[in-house]
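Written below as structure tokens is the structure these notes are about.
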Amino acid sequence: MLSGGQALLHALTVEGVDTIFGYPGGAIMPIYDALYDFEPNIKHVLVRHEQGGIHAGQGYARSSGKVGVVFATSGPGATNLVTGLADAQIDSTPLVCITGQVFAHLLGTDAFQEADVIGITTPVTKWNYQITDATEIPEVLAKAFHIARSGRPGPVLIDITKNAQLQKFEFKGYTPCDHIRSYRPKPIVRHEYIRAAAELINKAQKPFVLWGQGVMLGSAETEFKAFLEKTGIPAAWTIMGAGALPSDHPQNVGMLGMHGNYGPNVMTNECDVLIAVGMRFDDRVTGRLDKYAKQAKVIHLDIDPAEIDKNVKTTVPVWGDCKETLPLLTQMVETKQHPAWLAKFREFEQKEIDAVIREELFPASGEMTMGEVIQQLNELTKGEAIIVTDVGQHQMVACRYAKLNQTRSNITSGGLGTMGFALPAAIGAKFGTLDRTVVAVIGDGGIQMTIQELGTIMQSGIDVKIMILNNQFLGMVRQWQELFHERRYSFVDITSPDYVMVAKGYGIAGKSVNQREDLTAALQEMLHHPGAFLLEVMVTKENNVFPMVPQGCSVSEIRLK
Amino acid sequence: MSEQAHIDREEYNITVYTENQVGLLTRIAMIFSRRKMNILSLNTSPSEIEGIHRFNIVIHETEEVVSKICRQIEKQVEVLKVYYHTNEDVIWQEMALYKVPTDVIAEKVKVERLLRENGARAVVIRRDYTVFETTGHREETDNLIKILQPYGLIEFVRSARIAIIKDSDGFNRKLREFERAEPSHEVVENEYLNSREKVFSM
Ligand SMILES: Cc1ncc(C[n+]2csc(CCOP(=O)(O)OP(=O)(O)O)c2C)c(N)n1
């Protein structure tokens with residue numbers, strides 16, 4: 001006989017879960033009680049807020065490729081997960097969240113710490129389920145893991161009433177699930193479409209590849225590279241796809257979208273065949289849809305049939321896991337080079353370097369720019385670090401300029417754009433990949449949203465590098481106010497505490513720099529410090545991120561200034 | 001919304017086959033409400049297959065929107081299959097119940113004739129009231145309201161629409177073909193209706 005709580009932890013060990021991020025409370029106490037006996041096989045990280053817990057779970061999942069597991073208690077604990085669930089849902093991050101719930105006989109009575117968690121989380125989960133009887137635990141858990149990690153991954157929430165956690169039952173073991181009748185994680189690959197796609201690619205004069213996170217979610221980096229190298233097609237990435245192909249690969253022509261590179265945005269409206277791999281044509285990438293790649297035939301490779309034709313009409317849909325479809329496609333395409341076409345991207349790149357990049361990365365005078373900080377970081381980490389970014393100008397600058405030699409090195413809140421994401425996500429990312437350097441790049445606004453997670457760093461002793469780019473503004477909002485609201489700076493002037501003192505209060509080493517000549521040494525100190533380190537870099541106050549596709553404009557109307 | 005989109009809107013019958021699962025109705029309903037779309041009619045009940053439920057949902061939209069919605073519905077873990085059809089492609093019915101004072105019906109021979117003409121059937125006859133039932137398209141059931149109104153209609157209720165897809169393949173076979181969307185061949189409607197006796201001999 002096992003209790004529901006014990007059965008749950010058994011299930012987690014069989015699923016290979018090694019780390020859980022969580023916060024206890026009355027309604028999840030039986031599970032925490034069972035957890036007491038499972039240490040040290042399962043490591044539990046006590047966060048400071050459930051939002052921190054779920055972002056840590058996301059960071060863990062994104063860096064390791066495994067399912068992130070999060071515990072929270074009922075009511076307020078569970079509702080604090082909602083932002084992270086929405087974030088994980090839109091960014092397709094595999095999570096299994098376990099929330100405690102009041103006793104089943106109290107459900108629906110407005111009992112203490114009761115909330116309709118299933119109702120609240122339905123729109124932000126791939127699947128959710130409430131367990132009121134312990135005997136359901138093994139089967140439901142197995143389904144939860146299968147759903148979270150298969151097909152297009154996503155967050156799953158299991159709400160377990162306290163009586164079910166306590167209830168003893170005859171545990172007949174745990175079998176992972178690999179099939180659910182009504183659930184088809186992967187569409188069947190249709191070879192006629194692969195053929196049609198190959199034909200289009202072979203005939204194309206100016207083909208262009210856009211890739212997104214799907215390449216990484218499918219662990220198809222090698223297959224993707226093989227496809228690119230055989231076809232010689234230039235390829236650009238969405239911020240969720242960053243790093244799936246190394247930054248310095250000769251066919252990598254840069255970042256797409258609102259703050260992406262000039263060339264790939266403009267050339268989207270010049271290519272004849274557009275091949276989208278594991279990306280979903282988000283509006284931050286496409287700008288105005290009615291002026292987006294109208295001249296091009298579109299091939300869309302995606303595992304989620306609902307993405308096909310959702311925003312951009314496709315000529316050939318290639319349904320399926322790109323790990324399977326890409327090799328089939330590679331087999332059928334001709335070996336080619338597109339030197340002249342590729343050179344055009346490089347011409348635009350030069351134009352962008354002259355107009356924006358050189359000044360941003362190598363300013364001769366004046367206050368420090370965010371770009372030069374990232375540039376210095378690149379030099380010192382040689383593109384091997386995991387960069388976790390928060391949301392704002394620094395996020396766009398980091399995504400644009402970070403060198404990423406390895407896959408799963410860029411962790412950011414792409415779809416929901418959640419401020420407060422980076423600090424906890426970096427903690428999770430480090431737990432997911434202990435052998436890699438993890439640097440969180442955060443704005444002075446975003447750090448203050450989940451700054452309490454410094455406490456998690458303190459207690460768990462995890463080694464994350466925290467870099468605050470302090471421009472003394474909610475920079476991205478200020479940029480929009482400058483450009484689109486006649487410089488009416490309404491509530492974007494944000495003051496900061498003494499971050500080094502705050503860090504010190506948490507027993508974390510720190511430093512603040514505001515002179516260019518001190519930057520390199522400070523970055524070195526941060527990177528070489530044994531253990532966590534907080535570095536604040538004072539950067540110029542009113543810098544703008546350019547290029548930019550203004551809202552409501554087409555991608556070819558991208559502004560350099 | 002553009003002019004064209006308005007013109008292209010029509011009634012679509014969405015058929016959803018699902019597992020019998022608590023909370024799924026909310027998930028499906030949310031797909032519509034999130035897009036600020038109104039559901040005109042919704043019926044859900046067990047299907048002919050053990051454990052599988054069937055939803056009939058009617059909305060007024062363009063085909064493009066409907067097809068996207070259907071893919072979102074099909075994405076739900078417990079949804080097995082979704083189809084959508086225009087009114088021409090389904091046979092559909094709604095059921096209506098009418099409560100009328102019995103004395104009026106009993107006294108007025110004309111009412112009885114009108115009821116018969118409209119295919120109404122008495123379900124309950126009590127001293128104080130009688131309940132009639134009729135099934136049909138909206139205009140037909142509406143028509144009987146108009147007829148009964150002057151005779152003291154007490155209460156009226158109409159069910160959601162249920163619809164049978166004309167394409168004869170049915171779900172059992174589709175389940176096996178799941179991924180293939182081959183067009184099925186034409187079926188002549190009411191082919192056997194005139195020779196019912198011969199086809200359905202006892
Ligand atoms: C939770 C949340 N609230 C508000 C916003 C809106 N928002 C987007 S960027 C931004 C400014 C961020 O400022 P800061 O963290 O200082 O970074 P910077 O842009 O200066 O690099 C704000 C307020 C958001 N993305 N997330």
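The values are calculated or read from the model by the stated rules, or taken from the named source; none is laboratory data. Source: prediction; values computed, not measured. Counting neighbours? That spans all protein chains shown, and the Cβs are built from the backbone with ideal geometry, glycine included. Heads up: the accessible areas ignore ligands, DNA and RNA and are worked out on the full protein's heavy atoms, side chains in. Shrake-Rupley method; radii C 1.70, N 1.55, O 1.52, S 1.80 Å.
Residues of region A:124-171 that lose at least 30 Å² of accessible area (1.4 Å probe, protein heavy atoms only) when the other protein chains are present, relative to their chain alone, are A:127.
For the segment B:68-79, counting C-beta atoms of other chains within 10 Å of every residue's C-beta and taking the mean gives 5. Computed over protein heavy atoms with a 1.4 Å probe, the accessible surface of region A:353-470 works out to 29 Å² per residue.
Could you work out the local net charge near residue A:362, counting Lys and Arg as +1, Asp and Glu as -1, over the other residues with Cβ closer than 11 Å to its Cβ? Before the final figure, lay out the partial values.
On the way: positive: A:358, A:516; negative: A:359, A:360, A:372.
It works out to a net charge of -1.
Its alpha carbons considered, region B:91-158 gives a radius of gyration followed by a Dmax of 11.1, 37 Å. Quick one: plug the Kirkwood hydrodynamic radius of region A:98-140 (C-alpha pairs) into Stokes-Einstein at 37 °C, 0.692 mPa s, and report D in µm²/s. Stokes-Einstein gives a translational diffusion coefficient of 286 µm²/s.
What total accessible area, in Å², is buried where chains B and A meet, using a 1.4 Å probe and rounding to the nearest 100? Interface between B and A: roughly 2000 Å².
So what's region B:10-88 giving for Cα Rg divided by 2.2 N^0.38 Å, two decimals? Numbers along the way, then the final one.
Details: Rg = 11.7 Å, N = 79, 2.2 N^0.38 = 11.6 Å.
This ratio for region B:10-88 stands at 1.01.
Do the sum for chain A: with -39,500 (n - 2.57) for every DSSP H run of n ≥ 4, divided by all residues, what is the mean residue ellipticity at 222 nm, to the nearest 500 deg cm²/dmol? It would help to have the intermediate numbers written out before the result.
Working: 23 runs with 206 residues, N = 561.
The per-residue figure over chain A is -10500 deg cm²/dmol.
Using per-residue counts of other Cβ atoms within 10 Å, averaged over each peptide, order A:123-131, B:33-41, A:300-308 from highest down. Mind dumping the intermediate values first?
Values: A:123-131: 22.3, B:33-41: 12.4, A:300-308: 23.9.
In decreasing order of mean packing, A:123-131, B:33-41, A:300-308 become A:300-308, A:123-131, B:33-41.
Summing +1 for each Lys or Arg and -1 for each Asp or Glu among the other residues whose beta-carbon sits under 12 angstrom from that of residue A:399 gives +2.
Taken residue by residue and averaged, Cβ atoms of other chains lying within 10 Å of the Cβ of A:176-183 number 4.
In the context of the full set of protein chains, residues of region B:10-88 present 45 Å² of accessible surface per residue (probe radius 1.4 Å, heavy atoms only).
With K and R counted +1 and D and E -1, the other residues having a Cβ less than 15 Å from that of residue A:300 yield a net charge of +2.
The alpha-carbon atoms of the protein assembly as shown, seen along their principal axes, cover 104, 65, 53 angstrom, with the largest extent given first.
Rounded to a whole number, what % of the accessible area of the protein assembly as shown do carbon and sulfur atoms account for, probe 1.4 Å? C and S atoms contribute 51 percent here.
Only Lys, Arg, Asp and Glu carry charge here, each on its Cβ (+1 for the first two, -1 for the last two); on that basis the protein assembly as shown has a dipole of about 480 debye about its Cα centre.
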